[in-house]
Each structure stands twice: as structure tokens, then as C-alpha cells.
1. Provide the per-residue ³J(HN,Hα) series for the range 244-254, in order, calculated from phi with Karplus coefficients 6.51, -1.76, 1.60 and θ = phi - 60°, each as a whole number of Hz, with x at glycine and proline positions.
2. Restricting to DSSP H runs of at least four residues, report the calculated mean residue ellipticity at 222 nm for the chain, -39500 (n - 2.57) per run over all residues, nearest 500 deg cm²/dmol.
3. May I ask you to evaluate 6.51 cos²θ - 1.76 cosθ + 1.60, the Karplus curve with θ = phi - 60°, for each residue of the range 186-195 and list the ³J(HN,Hα) values in order in whole Hz, giving x for glycine and proline?
4. HN-Hα J couplings of the range 156-167 from phi, Karplus 6.51/-1.76/1.60, θ = phi - 60°, integer Hz, Gly and Pro as x?
5. Mind checking which of Leu208, Leu160, Leu46 has the largest fluctuation in a GNM of the chain, springs on alpha carbons under 10 Å?
6. Quick one: order Phe231, Phe69, Phe11 by neighbouring beta-carbon count within 10 Å, fewest to most.
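Coordinate-derived values only; no laboratory data. Every value quoted in this text rests on a predicted model; they were computed, and no experiment measured them. Cβ placement follows ideal geometry from the backbone for every residue including glycine, while neighbour counts extend to all protein chains displayed.
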Amino acid sequence: MLALYNNRTDFIHSDETLKNETWQACVTPNDGIVDGSTACSNVVTLRNAIPAAPFQIFPADNSSTFLRFPNFTWFNATDADGDNLTYRVEVANSATFSTASVVINTTVTGRVGINVTNYTDFNPLEVDTEYFWRISSTDGFTNGTFSNTTNFTIPSLLSLSLPIDLVSFGNVTQDSVVNTTNASTVAPFVLRNDGNIGANVTIISTRLFLQGAFPSTAYQYFVEENETGSFNLSNSSIFPWRNFTNITGTRVDIKALDWNDTQDAVNIHVMIAPPNDEPQGNRSANVTMSAE
Ligand SMILES: [Ca+2]
Ligand SMILES: [Ca+2]
Ligand SMILES: [Ca+2]
């Protein structure tokens with residue numbers, strides 16, 4: 001319209017055309033009295049501009065991450081005619097992306113006005129495996145080329161933490177029995193798996209009391225779920241109470257402690273029953289949780 005207003009008949013604005021339309025320009029001369037013969041150009045079909053390749057941001061090439069749910073992130077492809085783009089994300093354990101090697105193959109809608117797009121899969125990737133990934137884009141008309149293929153690994157990580165690392169019973173009298181099962185008085189230890197693989201945990205402690213035998217019923221523990229599904233109950237030291245010992249042996253107290261954050265925490269309950277000949281004074285013991 002602006003072109004017409006400016007009396008320009010030699011160009012067409014891009015808003016006035018659509019992809020795949022055919023256009024032809026025809027000219028008819030007029031000497032002020034009569035039209036001459038009309039001449040027309042060849043027919044031109046308006047082609048789609050193919051989107052350029054996207055470019056990976058994370059995981060970077062030749063990198064490693066402990067994240068088994070990596071948030072794949074890339075710079076968006078550009079499309080010269082401004083089409084909305086959809087991305088295909090492929091992750092494989094072979095650089096050939098053979099069908100059997102592909103573990104993620106999904107499409108992600110790009111967001112207009114944002115220059116990066118990302119994707120996190122619902123399934124965890126394996127540890128200690130080399131992965132390859134690439135992305136391509138399509139504008140709905142033509143598939144763009146793939147990005148480069150880049151590779152990354154997820155090294156296995158065994159890592160535990162103790163969100164609650166102290167159990168303090170305060171003043172306890174001889175012949176009384178106190179424990180951590182009523183968390184409103186004294187809370188149990190909480191152990192959490194911060195790594196990216198399952199862990200088998202063994203719990204030992206130094207001696208607590210001066211009098212009486214060790215191990216004995218004077219100083220006991222058991223483990224329970226803090227988050228449902230956090231470990232294999234049937235092969236672990238769940239209730240009833242069992243005596244603390246300072247010998248690791250072949251015992252596993254928490255079997256297959258899960259690493260997923262929704263179910264990676266365990267309570268370790270403690271019970272003490274001071275012997276009736278235990279002298280007055282402060283008592284403490286070191287509880288050690290080791291994993292493999
Ligand atoms: Ca396009
Ligand atoms: Ca958790
Ligand atoms: Ca975790």
C-alpha cells in the first residue's frame with residue numbers, strides 16, 4: 001500500500017507475499033492514446049528460507065556432568081523469514097545415532113523472542129557412558145541441518161550428606177530409656193544420597209557409655225525411610241532396634257539408597273539406656289556412615 005501511495009510500481013513489500021506463491025510481473029506500455037502489447041516476466045515461485053543449524057550450549061562438547069537429567073540447552077536456529085521453529089533433540093550412545101543407540105529422540109517447540117531453548121528428559125541417563133547429542137530445527141516447511149554432534153559423559157558420583165548430623169539427648173538419668181522416634185523431642189540423624197548412583201551404607205559407632213558391655217542394648221539404632229521408597233527395606237537394618245557396633249564387617253544397614261532427590265533420605269534412629277552404674281558426666285560417641 002505504501003508502495004502504491006508513493007507511486008512505486010516496481011517493488012512489492014514482503015507483507016504482501018506468502019511462501020510458495022507464484023508471482024509474475026507484466027508491463028503494458030501506453031503512449032497516452034492506446035496500449036501497446038503486454039510483456040510478462042518468467043513465473044517466480046517464492047521459496048522458503050531454510051532455518052540455520054542450532055548450536056549446543058549445555059552439555060558442552062567433550063564435557064562431563066554429574067546430572068543424570070541434564071537440561072539440554074542450545075542457541076536457537078535463525079530463520080530468515082521469521083518462521084516459528086520446532087527442534088528435534090537426539091541423544092545416543094553412538095556417534096552414528098543408529099536406531100539402537102538413540103536414547104532420546106523428541107521434538108521441542110521453540111519459544112518466540114527467546115534465543116535459547118532447552119529440554120530435560122523424564123528418564124535418567126546412565127553413568128560412565130559416553131553420550132552424543134545433536135539438534136536440528138524445522139520451520140514447518142523444510143527441515144534445517146543438524147547442529148554439530150557433541151559428546152559428554154556422566155561420571156558416577158558416590159556422595160552422602162547428613163542434613164541432621166547431631167543427636168543430643170540432653171540430661172538422661174540412669175535406668176531411663178530415651179530414643180529419637182518422637183521427633184518433637186529428639187530428632188534422628190538424617191542421611192541423604194547426594195550422588196548420582198545408588199549406595200549401600202554401613203553404620204558403625206564408637207562406644208558411648210563407660211560401664212556395661214559394648215555392643216549392648218544400652219546403645220541401639222535402626223533405619224527407616226525419611227522419604228518413601230528411599231531404600232530396599234527388606235535387606236536393611238529396619239526396626240526392631242539393634243546394637244551399635246564399631247565393626248563394619250560385611251553388614252549393610254541401608255541397602256540400595258536411592259539417589260533421586262524425591263526419595264534419597266533416611267532416618268537413623270538412636271536409643272540409649274544408661275547403665276545403672278554409669279557415673280555422672282557427659283557422654284558422646286561418633287557415628288560413622290560409610291557407603292559403597
Ligand atoms: Ca523459513
Ligand atoms: Ca530428598
Ligand atoms: Ca539426591
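1. Once rounded to whole Hz, the list reads 4, 9, 9, 10, 6, x, 9, 5, 10, 8, 10.
2. 0 deg cm²/dmol
3. 10, 7, x, 4, 10, 10, 10, 8, 9, x
4. With coefficients 6.51, -1.76 and 1.60, one gets 5, 9, 9, 8, 10, 9, 10, x, 10, 10, 9, 10 Hz.
5. Residue with maximal mean-square fluctuation among Leu208, Leu160, Leu46: Leu46.
6. Phe11, Phe69, Phe231
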